[in-house]
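Reviewing the structure listed below.
The values are calculated or read from the model by the stated rules, or taken from the named source; none is laboratory data. Note that the structure is a prediction, hence the values are computed from the model and not measured. Reconstructed Cβ throughout: ideal geometry from the backbone, glycine too, with neighbour counts over all protein chains shown. The area values use the complete protein model at the heavy-atom level, side chains included, leaving out ligands, DNA and RNA. Shrake-Rupley method; radii C 1.70, N 1.55, O 1.52, S 1.80 Å.
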Amino acid sequence: MHKPNKITWEEAAGIPETWITATQALYLVGEFAPGKSVLWHAGASSVSIAGVQLARADGASAVYVTSRTQDKIDWCVKELGATAGFDTSNGKPWAQELNKLTDNKGVDVLIDFMGASTFQQNLEAAAVDGHIVNLAFLGGTKLDAGVDIAAFLRKRVRYEGSSLRSRDPDYQGKLRDKLVQYFPRFEDGTFKVFVEKVFRWEDIQDAHRLMESNKTKGKIICVI
Ligand SMILES: NC(=O)c1ccc[n+]([C@@H]2O[C@H](COP(=O)([O-])OP(=O)(O)OC[C@H]3O[C@@H](n4cnc5c(N)ncnc54)[C@H](OP(=O)(O)O)[C@@H]3O)[C@@H](O)[C@H]2O)c1
């Protein structure tokens, strides 16, 4: 890939993993199409920042986000144009809020990085024929006793995991080609890369500490 002229090398470094992951989750696994609604968990995470922009640009009927901090939710609405956001901290009933907002229709595609901690509410928030795409286990892998799986049948919900590294080169190559098609939109400013902080690689421990703080809104880049 050739770096788009108008973005810096540090910004460019923040593009491939995040935009390719968001593309894979949204289209290849989530089967998003214009007019559908999407929820991106951890809306200010680097993958979701890409995903919110992609879904909006491709005519989503609504793009919801979640976060455990109100500050990040407000940022996603203001900076990324998300429709609304929900606070997932401390077991808050965010799915109930989402259902209230959508007249109990729920959301068509949910992109999840938490696994266990969002499993039940994802099922509650999913629309009929909804797709839940799981990409990580930040909230654990073991479900509590009493989790209700009725939505799988009642709403024909599909729950599917995905990863990039386990895919064969052809599959990864197609995603690379799709990414290159976005480049004019990085050039004209339609798509934005959000870099939280650039570190010298010698300061990698500080970079890790920043990541662990969960305060980032976008990528941490290390220059080698
Ligand atoms: N499967 C794949 O193909 C694939 C590819 C790339 C990345 N990933 C994974 O996707 C995830 C997101 O990547 P990223 O680069 O976008 O991350 P990131 O920019 O570092 O953002 C991660 C965000 O996740 C939220 N979070 C962290 N720990 C949490 C927890 N215990 N419970 C709930 N929320 C938590 C925090 O947001 P709030 O503070 O807003 O809650 C945090 O800011 C990572 O786990 C990464 O490994 C998977």
Go through (1) out of contact with any helix residue (DSSP H, G or I) (no Cβ under 8 Å at 6 or more places or on another chain); (2) surrounded by fewer than 24 Cβ atoms within 10 Å (Cβ to Cβ) for T18 and report which single condition fails. (1)
Give A55, A50, A42 a once-over and let me know the one that is farther than 25 Å from K92 by Cβ and either modelled with pLDDT of 95 or more or in contact with a strand residue (DSSP E or B) (Cβ under 9 Å, 6 or more places away or on another chain) (or both). A50
Confirm whether K178 is of a type in the set (K, R) and part of a strand (DSSP E or B). no
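Scan segment 140-155 and tell me whether some residue there is within 19 Å of the chain's Cα centre (by Cα), within 27 Å of D87 (Cα to Cα) and at pLDDT 95 or above.
Yes, segment 140-155 contains at least one residue that is within 19 Å of the chain's Cα centre (by Cα), within 27 Å of D87 (Cα to Cα) and at pLDDT 95 or above.
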Within segment 207-218, can one find any residue that is of a type in the set (A, V, I, L, M, F, W, C), surrounded by 12 or more Cβ atoms within 10 Å (Cβ to Cβ) and not in a helix (DSSP H, G or I)? no
Considering only segment 128-135, I want to know if a residue exists there that is farther than 24 Å from G189 by Cβ and among the charged types (D, E, K, R). yes
Quickly run through segment 139-166 and pick out the residues that are farther than 12 Å from Q120 by Cα and without any contact (Cβ under 8 Å) to a residue 24 or more places away in the chain. L153, R154, R165, S166
Given A13, A42, A82, which one is crowded, with 17+ Cβ neighbours inside 10 Å, over 17 Å from the mean Cα position of the chain (by Cα) and over 24 Å from R156 (Cα atoms)? A13
List, please: which pairs have Cβ atoms under 8 Å, are six or more places apart or on different chains, and start with a residue in segment 199-224 that is touching a residue at least 60 places away in the same chain (Cβ under 8 Å) and end with one that is surrounded by fewer than 12 Cβ atoms within 10 Å (Cβ to Cβ)? V223/R200; V223/W201
Answer residue from segment 140-174, given it is within 14 Å of the ligand (Cβ to nearest atom) and of a type in the set (G, A, S) and is farthest from Q24 (Cα to Cα) among those: G140
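Conditions (1) open to solvent by 30 Å² or more (accessible area, probe 1.4 Å); (2) modelled with pLDDT under 95; (3) under 15 Å from G161 (Cβ atoms), marked per residue:
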residue: N99; (1), (2), (3): no, no, no
residue: G106; (1), (2), (3): no, no, no
residue: L110; (1), (2), (3): no, no, yes
residue: F113; (1), (2), (3): no, no, yes
residue: N122; (1), (2), (3): no, no, yes
residue: A127; (1), (2), (3): no, no, no
residue: F137; (1), (2), (3): yes, no, yes
